[in-house]
1. Pop a pseudo-label 7 angstrom from the Cα along the beta-carbon direction at both M55 and A401 and give the gap in nm to one decimal.
2. Mind listing the phi-derived Karplus ³J(HN,Hα) values for the stretch 178-190, rounded to whole Hz, using 6.51, -1.76 and 1.60 with θ = phi - 60°, and x for any glycine or proline?
3. E26 versus T9, label points 7 Å from Cα toward the beta carbon: distance in nm?
4. Go through the stretch 114-205 and name the GluC sites (Glu not before Pro) that are in a DSSP coil and have 15 or fewer other Cβ atoms within 10 Å of their Cβ.
5. For A112 and A423 in one chain, what is 0.36 nm times their gap in residues minus the Cα-Cα distance, to one decimal in nm?
6. Distances over 27 Å make up what percent of all Cα-Cα pairs in the stretch 116-244?
7. For W484, W523, W511, give the ranking by accessible area with the largest first, probe 1.4 Å.
8. Work from the charge dipole of the stretch 494-542 (Cβ charges, +1 for Lys and Arg, -1 for Asp and Glu, about the Cα centre) and give the residue of V538, W511, A497 farthest towards its positive end.
Amino acid sequence: MLPKDLHLTQLLSQRPGIETLTQLIEIHPYELSPSGRIDYLAALEKQNGWLQSVMQTAFVAIADDQRESLEYGESGVDDEEREEIAAALRLSPATAQAKLDTARILVNELPATCAALASGEISAAHANVIARESAPLLRGGIDRELIAQIEKSAIASAEFQTPAQVANKIRTAVARALPTECEESFARANELRKVSCYPERDGMATVIALLSAPDAQSVMVAIERHLQRKDQQALQLISTRNSFGAQNSATDQNSATDQNSATDQNSATDQNSATDQNSATDQNSATDQNSSGDQSTPRRNDDLATSTEIANPWKIDNRRADAFIEIINQYLTSDVLDQTGADQTGADQTGADQTGADQTSADQTATSAENLSKQKKIKNVNRKPISINVTIDLPTLLGIAENPAQLTGYGPIPASLARELAADGNWQRFITDPRSGELLDLGRKSYRPSQYLVDFLLARDRTCRFPGCRYPAHRSDIDHVTPWDEGGKTTPENLGALCRRHHRLKTHGGWKVTSASDGSCEWISPTGKHYFVPSRPVHEAA
């Protein structure tokens with residue numbers, strides 16, 4: 001270890017303050033080793049937390065107001081003070097007011113969070129999230145001891161989790177403590193659902209849909225499934241094209257034989273036409289599917305991706321946009337019924353819903369307009385269900401309790417919405433440790449062992465296991481921590497969900513990982529730094 005690296009390690013362990021900061025400023029990061037530069041950055045972030053804690057006190061001192069912070073966290077305005085702060089810091093008045101509100105909550109209501117910020121245990125981003133997400137608890141008049149417990153848990157989580165992950169954890173605690181307020185808040189927010197379109201430059205436009213979290217997930221999963229189906233078709237077409245040469249040779253011989261037979265029989269023109277049709281029928285199916293004119297070479301379907309496009313991760317956003325448009329176009333070109341159930345296209349109405357809702361084509365699920373927000377399962381063209389995953393405890397499912405449920409990839413949702421989702425869903429029993437929430441086992445039905453293990457891992461991990469990554473597990477790879485060809489076993493201890501990016505980082509980027517059966521793992525970066533990722537209790541946000 002370089003001498004300055006050793007000195008930096010000592011500074012990193014010291015309490016933040018002006019003396020430590022002065023010594024850090026005297027160190028140039030280029031004089032440190034790669035590992036030392038990471039420590040240098042961490043030390044500066046620790047000092048930044050201390051400075052931010054001092055600023056929170058300064059904000060409150062400027063306001064010089066002893067009124068409760070609760071009313072300000074909701075709608076209070078400090079006219080003179082916020083304008084002064086906005087002018088001094090070159091902020092908008094609204095931003096200045098938000099900083100004042102956050103400072104009041106931290107200084108007056110969350111002393112433990114303010115102390116953790118001053119000592120560098122948490123970052124300013126973590127402190128702001130804790131203050132913002134705790135505001136409903138403060139306004140709701142919850143017992144101070146309960147608020148202190150939630151605050152303590154959030155501070156502990158901040159050591160290993162990102163601000164967004166800590167926010168989800170607090171939201172779960174808030175929903176558990178204020179179930180009625182949570183239901184009312186969701187009902188108000190759900191009334192704001194809408195779809196908007198805004199023009200952009202260069203011939204583009206932005207479409208924004210504000211939906212309930214389950215409905216939004218259904219949209220994204222439908223797009224992913226549509227994209228997967230198109231990729232399968234493209235790969236099949238590529239395989240067919242590669243084998244077309246050998247098949248075409250045999251087809252040419254059969255075609256010549258058919259034509260000679262037609263000549264010998266001196267058939268009439270209409271018979272020759274029929275013979276031509278039979279000859280076309282005799283040709284291989286790849287020719288039928290890919291060419292309506294020239295039968296010598298298959299024509300590329302422009303709607304399908306090439307193998308290069310499928311393998312290019314940078315094109316995935318473009319291809320999702322294309323899939324979204326294809327789904328819309330399929331609806332627009334399908335047989336549509338008006339709201340009275342009358343057929344406006346002359347198409348066959350077999351199996352159509354007569355309740356007056358708009359109808360999609362036969363490979364899509366029909367649903368009435370008034371129940372559209374309640375539709376929780378879509379069927380793709382292959383009629384395979386597209387599902388979203390919700391974790392709910394048994395008492396809440398039975399209506400005995402009102403605990404929030406966990407929507408995978410989102411976080412806490414109200415108990416009533418979770419029961420609505422469960423009413424028309426397939427259930428899977430989770431067996432958890434009652435104290436830690438660690439997933440111990442899954443109730444078996446008819447799953448094969450390999451599928452059972454995959455289901456277990458998806459339920460246990462829920463997201464990619466790289467530090468701070470929240471990419472959904474059901475769209476990630478199941479990775480062997482110790483590779484199979486190096487003796488790694490296919491067990492929960494040696495398996496985990498990794499998004500494709502972090503899977504490649506582990507395989508080719510020099511990162512190492514060790515794993516435990518509860519899903520926790522420790523990553524080692526190329527510079528030798530260790531990053532611990534704790535397990536995810538089933539009843540908490542991932």
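1. With each label placed 7 Å out from Cα toward Cβ, I get 4.1 nm.
2. Residue by residue, the stretch 178-190 yields 10, x, 5, 4, 5, 4, 5, 5, 5, 4, 5, 5, 5 Hz.
3. 2.0
4. E159, E191, E200
5. 107.8 nm
6. Here the tail beyond 27 Å accounts for 49 percent of pairs.
7. The residues order as W484, W511, W523, largest area first.
8. Result: W511, furthest along the dipole toward the positive end.
The values are calculated or read from the model by the stated rules, or taken from the named source; none is laboratory data. Here the structure is a predicted model, which means the values were calculated and not measured. FYI the Cβ positions are ideal-geometry reconstructions off the backbone, even for glycines, and counts take in every protein chain you see. The area values use the complete protein model at the heavy-atom level, side chains included, leaving out ligands, DNA and RNA. Shrake-Rupley method; radii C 1.70, N 1.55, O 1.52, S 1.80 Å.
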